[in-house]
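What follows is calculated from the coordinates using simple rules that are stated; it is not laboratory data. As the structure is a prediction and not an experimental result, all values here were calculated from the model. Cβ: placed from backbone, ideal geometry, glycine included. Neighbour counts: every protein chain shown.
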Number of protein chains: 2
Amino acid sequence: MAMKIVRAQEAALLINDNDNVGFSGFTSAGCPKAVPLALAERAQAEHAKGNPFRIGVFTGASTGDNIDGALVRANAIKFRTPYQTNNDMRNAINEGSVNYFDLHLSSLAQDLRYGFYGDIDVAIIEASDVTETGEIVPTCGIGIALTAVQMAKLVIVELNEWHPKELCGMHDLLELQNPPNRSEINITNVRSRIGKEYIQTDPAKIVVVKTNIPNDGGCFAPVDEITSKIGENTANFLVGEMRRGTIPESFLPIQSGVGNIANAVLSAIGSNKEIPNFEVYTEVVQDAIIDLLEQGRVTYASGGTLAVSNPYIERIYKNLPFFKDKMILRTSEISNNPEVIRRLGIISMNTAIEADIFGNINSTHIAGSKIMNGLGGSGDFTRNAYISIFLTPSTAKNGDISAFVPMVSHVDHNEHSVKVIISEYGVADLRGKSPRERAECIIENCVHPDYRSLLRKYLKSGAKGQTPVNLYNVFSFHKALLETGSMKNAVIE
Amino acid sequence: MAMKIVRAQEAALLINDNDNVGFSGFTSAGCPKAVPLALAERAQAEHAKGNPFRIGVFTGASTGDNIDGALVRANAIKFRTPYQTNNDMRNAINEGSVNYFDLHLSSLAQDLRYGFYGDIDVAIIEASDVTETGEIVPTCGIGIALTAVQMAKLVIVELNEWHPKELCGMHDLLELQNPPNRSEINITNVRSRIGKEYIQTDPAKIVVVKTNIPNDGGCFAPVDEITSKIGENTANFLVGEMRRGTIPESFLPIQSGVGNIANAVLSAIGSNKEIPNFEVYTEVVQDAIIDLLEQGRVTYASGGTLAVSNPYIERIYKNLPFFKDKMILRTSEISNNPEVIRRLGIISMNTAIEADIFGNINSTHIAGSKIMNGLGGSGDFTRNAYISIFLTPSTAKNGDISAFVPMVSHVDHNEHSVKVIISEYGVADLRGKSPRERAECIIENCVHPDYRSLLRKYLKSGAKGQTPVNLYNVFSFHKALLETGSMKNAVIE
């Protein structure tokens with residue numbers, strides 16, 4: 001290879017204080033691993049010498065601990081967008097030592113190209129292959145890699161031999177033009193291919209770091225009784241919609257969020273015999289989707305990332321031709337694109353931190369202040385879905401927290417976009433209902449019995465109007481939790 | 001004409017209690033006028049006889065008083081969606097006698113076709129022309145007319161001779177397919193034509209009512225010092241974006257909301273010499289756009305409705321070839337379509353009832369409970385705009401209400417979608433800023449000086465976290481207004 005090959009530590013020296021750095025990947029899948037770790041070490045060395053060293057971190061979504069964890073522990077991050085799930089990063093954000101801009105995942109690539117957040121100085125990309133003519137083949141996740149490479153003056157490629165070069169062909173990579181020169185995105189079904197199999201750039205911009213590092217894909221909690229019941233309620237709801245003709249008999253593509261509830265719901269849909277074989281158009285391809293692909297229940301999966309546990313990635317790599325025939329990985333600008341989601345008629349299924357009785361959803365903040373992760377792609381899908389569904393257990397913390405409150409302490413998805421809410425108790429179909437009707441529907445069908453009379457009392461205490469809100473009791477549940485340890489002690493005046 | 005011609009009163013007899021009725025129009029423009037009035041009379045006669053008579057009312061947006069006013073005063077409406085601006089309707093909604101479902105305007109037509117809200121039994125359409133082969137030419141506004149006609153078993157056409165038949169050619173009418181059979185919407189610039197000039201339906205479904213009734217297009221309040229300053233701040237912001245290269249030199253299409261602030265902003269942009277001639281892609285074409293078209297400052301306008309005052313509509317009808325060459329009217333499914341808005345790179349400008357210091361917007365509810373109008377198209381544009389802007393005077397009610405509060409009492413557009421807020425004091429550019437930074441930026445640049453120290457005190461009282469919210473003081477401004485008549489008396493503990 002004629003391209004410059006360096007060690008990770010040397011690559012880290014090419015990055016300057018105050019640089020904006022764009023990383024490949026979406027979840028820990030597809031993220032570079034060696035250079036960010038070397039960069040964290042370098043930042044600590046600079047700090048020890050009394051030099052400033054903090055960068056802006058731009059990614060597809062969350063990352064591995066080698067990026068968000070290591071860099072934030074080294075106090076090397078000044079700015080972070082659009083999403084994170086790392087405990088150390090979360091603490092730094094909530095303490096105010098990192099400025100965090102929580103953004104719809106589909107928006108970051110275009111907003112970067114529009115120049116809203118300044119330049120991207122360096123792109124760090126995990127690759128399964130790279131050629132002397134500047135063709136870079138990503139690994140398990142893409143995110144903003146394409147845009148970061150095009151914008152960056154320097155592209156550091158982590159060529160990770162743990163990933164087979166034969167991954168080439170699983171990706172579909174097309175960067176959109178900026179307005180006024182943007183044309184249609186020619187995706188008319190889940191399988192549509194519109195781009196190249198690799199990222200093409202000027203090879204003179206590239207330096208290569210060779211690595212052989214496994215993914216750090218962990219496993220989710222197993223399905224328990226409550227998540228299993230949520231899955232069953234969801235499958236039954238979808239069957240009902242098919243029977244009354246509001247979902248076509250051929251079914252529609254599914255998007256599902258991340259975590260054990262998503263896995264439980266996919267399994268329940270997969271094992272429901274009234275639902276035909278179906279396709280997935282989503283951001284995160286999880287373990288459950290791989291099982292369903294192997295069983296033939298999912299006939300095709302379009303995603304932004306292969307965020308599976310390591311036993312699953314090994315199964316995929318052993319049977320790569322099978323999976324390349326049934327799966328495509330796209331940039332986050334396309335996997336989460338409103339145009340495509342609305343056109344394909346995606347059924348979206350995401351989880352909530354809390355919901356209110358009028359159908360607003362909090363996906364991000366605890367008690368309105370502390371952020372958990374961020375919005376992620378839930379807004380991209382919810383706002384544009386054929387039917388948007390939110391899933392949540394009715395309670396948390398042994399029943400002391402009700403997932404359903406008088407008013408959510410932070411609104412990420414509002415009553416105008418949220419169509420259906422499902423808990424282990426049942427399904428609240430909010431379509432066509434006024435706020436008063438929605439409140440009664442949610443209390444009756446989704447709320448834990450321990451909280452139903454409290455919420456009915458709140459509803460009756462509300463001011464006259466379209467939405468019976470009582471500004472004096474609106475956060476009574478949250479205050480009771482903070483003051484007494486349980487929302488059950490909420491006082492409605 | 002071989003089609004059945006009846007009087008309005010006879011047409012009203014064809015509508016049954018409990019029917020779902022779809023009306024043409026968007027604002028009062030394009031709405032039928034005679035049949036809804038006859039329907040209100042019929043409902044009163046039925047009620048006098050002890051018979052039930054209440055219908056579901058589906059429209060493009062708000063309507064004329066002959067629909068929302070007359071029908072609600074006759075207690076003839078059981079269900080209303082997606083938007084209204086009528087005082088009697090507003091009271092009925094807030095009293096709970098009409099169930100109102102407030103919805104993104106772009107969503108109603110597709111949600112109707114999906115079957116989410118049941119059948120459309122009757123469509124009532126104002127037309128400038130109708131042929132024996134079932135071609136219906138709309139008038140000044142379309143809304144959901146196309147979908148309502150396709151779905152309805154009976155189509156009542158109000159053929160209103162006040163509108164010239166030569167309007168034919170100003171409309172572009174294409175109904176989208178439902179998933180999984182939906183393809184790209186082939187609009188790649190403001191002027192793109194993708195459909196027919198008329199609505200085509202089975203003539204056997206049509207009965208015609210002949211009328212000659214003028215539009216009831218009123219005028220907005222004149223531009224005052226504050227709205228004029230908001231306009232100036234907006235024009236200067238856009239010039240700044242052009243200079244730093246984040247808006248292309250050829251400029252981008254503008255969407256503007258309804259009312260005197262929108263008129264003021266359009267005038268300010270129109271008279272700013274650094275902004276080139278531009279195009280409009282919007283829902284509501286107002287008087288100011290007509291002036292700018294005549295001046296050549298606006299080179300083309302795509303809208304959903306010609307909601308101009310009657311002196312302006314007369315000017316347009318006298319000079320119809322000029323305006324047909326420079327204007328196109330689309331269905332609300334297309335004028336407000338997320339796919340098109342994002343592709344064209346629309347700069348959206350809408351007004352707020354209140355904003356909070358973290359960048360969330362309330363467009364609909366007073367003190368969280370009483371609805372004013374509804375969401376309208378503001379969500380369609382805000383969520384998908386190139387740059388989304390909200391405009392508001394810093395105070396209302398002689399300074400006793402601050403437009404900027406600790407937390408909005410209802411969230412219609414959240415921090416993730418709102419990019420810029422402008423008051424008469426200045427511009428808060430929220431892009432890339434954390435909630436803490438946004439709060440400081442809004443207080444410094446947009447808040448009225450009388451409220452800055454109160455809001456700074458609130459911000460300091462907030463809980464530790466990404467968003468410094470204080471659940472105990474969060475509605476202190478609203479409570480002070482309710483209890484003392486002024487937000488200036490808010491107590492922050």
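Run the simple label-point estimate for A:Asn277 and A:Glu483 please: 7 Å along Cα→C-beta, distance reported in nm.
That separation, rounded to one decimal, is 5.9 nm.
Rounded to the nearest 5, what % of DSSP beta bridges with both residues in chain A are antiparallel?
Values: 18 of 70 bridges.
Percentage antiparallel, nearest 5: 25.
Please label the shape of the range B:32-78 as rounded, prolate or oblate, based on the square roots a ≥ b ≥ c of the eigenvalues of the alpha-carbon gyration tensor (a/c under 1.5 means rounded; beyond that, a/b larger than b/c means prolate, else oblate).
On the way: a/c = 2.54, a/b = 1.75, b/c = 1.45.
Prolate, because a/c is 1.5 or more and a/b exceeds b/c.
May I ask for the angle, rounded to the nearest 10°, between helix B:225-243 and the longest principal axis of chain B, with both axes built from Cα atoms and the value confined to 0 to 90°?
80
Charges at C-beta only: +1 for Lys and Arg, -1 for Asp and Glu. How large is the resulting dipole of chain B about its Cα centre, in Debye rounded to 20?
Numbers: 46 positive and 55 negative charges, 174 e Å.
In total the dipole reaches around 840 debye.
Hey, got the dipole for the range B:267-333? About the Cα centre, +1 on K and R Cβ, -1 on D and E Cβ, debye to the nearest 20?
Working: 7 positive and 9 negative charges, 36 e Å.
Dipole size: approximately 180 debye.
First select every other residue whose beta carbon is under 14 angstrom from the beta carbon of B:Lys153; then total the charges, Lys and Arg +1, Asp and Glu -1.
Details: positive: B:Lys205; negative: B:Asp19, B:Asp119, B:Asp121, B:Asp202.
Result for the local shell: -3.
Using only alpha carbon pairs under 8 Å that are at least six residues apart, calculate the relative contact order of the range B:66-111 and give it in whole percent. The partial results should precede the final answer.
Values: 43 pairs, mean separation 18.2, N = 46.
39 percent.
By the scheme Lys and Arg +1, Asp and Glu -1, what is the net charge of all other residues having a beta-carbon under 12 Å from that of A:Ala355?
On the way: positive: A:Arg438; negative: A:Glu354, A:Asp356, A:Asp412, A:Glu415.
Counting the neighbours of A:Ala355, the net charge comes to -3.
Using alpha carbon centroids, what distance separates the range B:25-41 and the range A:24-48, in Å?
One Cα centre to the other: 64 Å.
Once the piece of chain linking A:Lys153 and A:Lys460 is laid out straight, how much longer is it, given 0.36 nm per residue of separation minus the C-alpha distance between them? Please list the in-between numbers first.
Working: separation 307, 0.36 × 307 = 110.52 nm, distance 6.08 nm.
Length gained between A:Lys153 and A:Lys460: 104.4 nm.
Could you tell me what fraction of 2.2 N^0.38 Å the Cα radius of gyration of the range A:67-120 comes to, as a two-decimal ratio? Mind dumping the intermediate values first?
Details: Rg = 11.7 Å, N = 54, 2.2 N^0.38 = 10.0 Å.
Relative to the rule-of-thumb radius for its length, the range A:67-120 sits at 1.17.
Looking at the square roots a ≥ b ≥ c of the eigenvalues of the Cα gyration tensor of the range A:176-262, which shape do they give, rounded for a/c under 1.5, prolate if a/b is larger than b/c, or oblate? Before the final figure, lay out each step's value.
Values: a/c = 3.81, a/b = 1.43, b/c = 2.66.
It is oblate, given that a/c is not under 1.5 and a/b is not larger than b/c.
Just report the Cα centroid separation between the range B:426-457 and the range A:232-246, whole Å.
Going from one Cα centre to the other spans 46 Å.
Chain B: Rg/Rh from Cα coordinates, Kirkwood Rh?
On the way: Rg = 23.0 Å, Rh = 23.3 Å.
My calculation puts Rg/Rh at 0.99.
Only helical DSSP H runs with n ≥ 4 go in: add -39500 (n - 2.57) per run for chain B, normalise by residue count and round the 222 nm mean residue ellipticity to 500 deg cm²/dmol. Walk me through the intermediate numbers first.
Working: 17 runs with 151 residues, N = 493.
Dividing the helical sum by the residues of chain B leaves -8500 deg cm²/dmol.
Are there GluC sites (Glu not before Pro) in the range A:187-257 that DSSP puts in a loop and that have at most 12 other Cβ atoms within 10 Å, and which ones?
On the way: sites: A:Glu197, A:Glu225, A:Glu232, A:Glu241, A:Glu249; in loops: A:Glu197, A:Glu249.
Loop-located and lightly packed - A:Glu249.
With a cut-off of 8 Å between alpha carbons and a minimum separation of six or more residues, what is the relative contact order of the range A:11-93 in percent?
On the way: 148 pairs, mean separation 27.1, N = 83.
It comes to 33 percent, rounded to a whole number.
Just flag the trypsin sites (Lys or Arg not before Pro) in the range A:423-493 sitting in loop per DSSP whose Cβ has no more than 12 other Cβ atoms within 10 Å.
Values: sites: A:Arg431, A:Lys433, A:Arg436, A:Arg438, A:Arg452, A:Arg456, A:Lys457, A:Lys460, A:Lys464, A:Lys479, A:Lys488; in loops: A:Arg431, A:Lys433, A:Lys464.
Taking the range A:423-493 and a limit of 12 other Cβ atoms within 10 Å, the loop trypsin sites (Lys or Arg not before Pro) found are A:Lys464.
How large is the translational diffusion coefficient of the range A:335-453 in µm² per second when you combine the Kirkwood radius over alpha carbon pairs with Stokes-Einstein at 37 °C and 0.692 mPa s?
Working: Rh = 14.2 Å.
Diffusion coefficient, whole number: 230 µm²/s.
Averaged over its residues, how many other protein chain Cβ atoms are within 10 Å of peptide B:405-412's Cβ atoms?
Taking all residues of B:405-412 together, the mean is 5.
To the nearest 0.05, how large is the calculated FRET efficiency for A:Glu132 and B:Ala396 if R₀ is 51 Å and r is the Cβ-Cβ distance?
Numbers: r = 65 Å, r/R0 = 1.27.
Calculated value: 0.20.
In the neighborhood of B:Ser309, defined by Cβ-to-Cβ distances under 13 Å, what is the net charge if each Lys or Arg adds +1 and each Asp or Glu adds -1?
-3
Treating the point 7 Å from Cα along Cα-beta-carbon as the label, what are the nm separations from A:Glu10 to the other copies, to one decimal?
Between copies, matching label points for A:Glu10 lie 9.2 nm apart.
Starting from the Cα gyration tensor of the range B:115-250, multiply each eigenvalue by 5, take the square root, and state the resulting semi-axes largest first in whole Å.
Details: eigenvalues 273, 104, 44 Å².
Each semi-axis is the square root of five times an eigenvalue, giving 37, 23, 15 Å.
Label A:Ala48 and B:Ser97 with points 7 Å out from Cα along Cα→Cβ: what is the distance between them in nm?
In this crude spin-label approximation the distance works out to 7.8 nm.
Which value results for Rg/Rh of the protein assembly as shown when Rg is the Cα radius of gyration and Rh the Kirkwood radius based on the inverse mean 1/r? Spell out each step's value before the answer.
On the way: Rg = 27.9 Å, Rh = 29.0 Å.
Rounded to two decimals, Rg over Rh is 0.96.
Defining the label point at 7 Å along Cα→Cβ, can you sort the distances from A:Gly169 to the same site in each other copy, shortest first, in nm?
Reported distances to equivalent positions: 5.5 nm.
Give the separation of the Cα centroids, the range B:87-153 to the range A:116-169, in Å.
49
At a threshold of 8 angstrom on Cα-Cα distance, excluding pairs fewer than six apart, so keeping six or more, what relative contact order does chain A reach in percent? List each step's numbers first, then the result.
Values: 1181 pairs, mean separation 65.7, N = 493.
Relative contact order for chain A comes out at 13 percent.
Relative to the longest principal axis of the C-alpha atoms of chain B, give the angle of the C-alpha long axis of helix B:34-48, reported between 0 and 90° and rounded to the nearest 10°.
The helix B:34-48 is inclined about 90 degrees to chain B.
Put a label point 7 Å from Cα along the Cβ direction on B:Asp202, then list its distances to the equivalent points in the other copies in nm, shortest first.
Ordered by increasing distance: 6.4 nm.
How many nm separate the modelled label positions at A:Asp202 and A:Met372, each set 7 Å beyond the Cα in the direction of the Cβ?
4.5
Principal axis extents for the range A:321-397, Cα atoms only, whole Å, descending order, please.
Principal extents (largest minus smallest coordinate, Cα): 46, 24, 22 Å.
Report the extension gain between A:Lys4 and A:Ser250 in nm, rounded to one decimal, defined as 0.36 nm multiplied by the number of residues separating them, less their alpha carbon distance. Could the numbers behind the result be given before it?
On the way: separation 246, 0.36 × 246 = 88.56 nm, distance 5.16 nm.
So the chain would gain 83.4 nm between A:Lys4 and A:Ser250.
Between B:Phe322 and B:Asn445, what is 0.36 nm times their sequence separation minus the Cα-Cα distance? Round to one decimal in nm. Please list the in-between numbers first.
Details: separation 123, 0.36 × 123 = 44.28 nm, distance 4.22 nm.
Contour length minus the Cα-Cα distance gives 40.1 nm.
With the cut-off at 1.5 for a/c, could you classify the range A:86-152 from its C-alpha gyration tensor as rounded, prolate or oblate? Provide the component values of the computation, followed by the final result.
Numbers: a/c = 2.45, a/b = 1.65, b/c = 1.49.
Verdict is prolate for the range A:86-152.
Just in the range A:1-66: which GluC sites (Glu not before Pro) are loop by DSSP and have at most 13 other Cβ atoms within 10 Å? Don't jump to the answer; show the numbers that get you there.
Details: sites: A:Glu10, A:Glu41, A:Glu46; in loops: none.
When the GluC sites (Glu not before Pro) of the range A:1-66 are filtered for loop state and at most 13 Cβ neighbours within 10 Å, nothing remains.
With viscosity set to 1.567 mPa s at 4 °C, what whole-number translational diffusion coefficient in µm²/s follows for the range A:213-274 from Stokes-Einstein and a Kirkwood radius over Cα pairs? Intermediate values should be presented prior to the final figure.
Details: Rh = 12.9 Å.
In µm²/s, the coefficient is 101.
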